[in-house]
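Read-outs throughout are calculated quantities, based only on the coordinates presented, and are distinct from any laboratory measurement. These numbers were taken from a predicted model, which means no experiment stands behind them. Here Cβ is always computed from backbone atoms with ideal geometry, including for glycine, and neighbour counts include all displayed protein chains.
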Amino acid sequence: MDSSKSKKSRVPTTRLGRLARLGLTAGELAIGGAAESIRRFGKTSPDEAYNALLTATNAKKLANRLAGMRGAAMKMGQILSMESADFLPREFSDALAVLRDSADTMPLTQIKRVMGREYGKGWQDRFIDFNFEPIAAASIGQVHRVVTEDGRDLALKIQYPGVAKSINSDVDNMAMLMRMINLLPVEIDISGIVKEAKRQLHQEADYIVEARYLREYKKLVADEPRFVVPGVHDDMTTKRVLAMDFVDGLPLESISADDVSQELKDGVGALLQHLMFRELFEFRTMQSDPNFANYLYQPETDRVVLLDFGSTVSFDEKFTHRYAKIARAMIDGDDSTVRRLAEQMGYIHPGNSEEYVGRILNIIRLASEPVIQGGVYDFGASTVFTRGREAGLEIFFDDMSEYRVPPPETMFLHRKLVGCFMLCSRIGARVDVQKLISPFLPE
């Protein structure tokens, strides 16, 4: 994040204030959609008319509002930006992608108020140096580099005020907003997804929990020397401030440059894919927020830095075993087993038409293309997202009466799968994915 260019805005801390922001956003989007509908009148098909609200201009308005609100509202916008490729116009999802990079930052007065609340009067005496310009800003908090009175070089993640207590209302209000602008059709039951989102976001807003996951994850990858996980400093950590080792590095996307060797790109891509499979099948613990900003690259040591463990999830063995079995069935071309497992996992349901079942299974195969394809898979040249968007739009317009949201427990796994694919695509990695996953699958 280029802190010199970051936009500073006061975080709205009351539920009423945050609701008002979303209400204003809904009004802006409705006006923009009405104007676009008038412009298109008589020139478009019904499907294209649906997109009148989903323009790049409206997406930018939505992104700017959510970046200013921060908290759960912005987090849901980030999730939408990553998982919308299958059913939203490209210009809309692309414009929302700004939410994955940074948020507005707090003004100085608000930072000092938060620090005083967490550390008490005279908190400045605990530091030799405190850089008030954040080095990163995300949906839940922003990060500052500091030096403590005893000389430790730390990164402090400071939570935005009010975001923890507004999680439930933010999620409910965002769900309402998405229905209003047709991102979520009214007939879709999202109660399970909403409940899971609230549970996970409450966890993410508790930095004591994140500190525990950070320590555990550091142990899990201790056998992999190419990963760096910052250490936690408990004496400086509270529920709303997380103190970690400051770890330097370049943005991971920097290795996508033309002058970077393909060997390096492939090696990093394989490292990330292998870690994802270990998380799912071996650790059954997954850092489920693969935001580009959560990875750094250290060229001097050829190591990847892993950051931000607030959105860490755990899976039970039955859940991960089904994913292992369906991956094996897809590699083997065993369509009947793929269908049976898709039913068990809640992707298709009794009573679904054969046409609908076929479309859902097609999307599952598309998402699994790197696994199904033997040999090296070229992420940079992949057209999976384009084909997935077309397949998703077919369901959206033709089969929505049959559609059911995926099981809630899959939401954060899907985010990791999509995000890891996007990381490998961004850096142009070529990876033999099937070779990496095969040791975790049943024979």
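As a quick test, which of the pairs Lys198/Lys218; Lys195/Lys219; Lys219/Lys318; Lys165/Lys318; Lys121/Lys157; Lys198/Lys325 have an alpha carbon distance above 22 angstrom in this structure?
The pairs that break the limit, which is 22 Å between Cα atoms, are Lys198/Lys218; Lys195/Lys219; Lys219/Lys318; Lys165/Lys318; Lys198/Lys325.
State, to one decimal in nm, how far the label point of Arg226 lies from the label point of Asp125, with both points 7 Å from Cα in the Cβ direction.
4.9 nm
Report the net charge of residues surrounding Gln298, where surrounding means a beta-carbon distance below 15 angstrom and charges are Lys +1, Arg +1, Asp -1, Glu -1. Numbers along the way, then the final one.
On the way: positive: Arg226, Arg303; negative: Glu224, Asp245, Asp248, Glu253, Glu300, Asp302.
Overall, the nearby charge balance is -4.
Just name one of Asn294, Ile437, Val384: the one whose Cα is farthest towards the positive end of the charge dipole of the range 248-443 (beta-carbon charges, Lys/Arg +1, Asp/Glu -1).
The Cα lying farthest towards the positive end belongs to Ile437.
Rounded to the nearest 0.05, what FRET efficiency is calculated for Phe292 and Asn168 with R0 set to 22 Å and r the Cβ-Cβ distance?
According to the calculation, E is roughly 0.20.
For a quick check: with amide H placed at 1.01 Å from N, whose amide H comes under 5 Å from Tyr160's, ignoring anything fewer than 5 positions away on the same chain?
Those lying under 5 Å, H to H, from Tyr160 are Gly141, Gln142.
Note down the net charge around Gly310, summing +1 for each Lys or Arg and -1 for each Asp or Glu among other residues with Cβ under 9 Å from its Cβ.
-4
Mean 1/r over all different Cα pairs, inverted: what Kirkwood radius does the range 248-443 give, in Å?
After inverting the mean inverse Cα-Cα distance, the result is 17.7 Å.
How far apart, in nanometres, would the label points at Ser256 and Ile135 be if each is projected 7 angstrom from Cα along the Cα-to-Cβ direction?
Result for the modelled spin labels: 2.3 nm.
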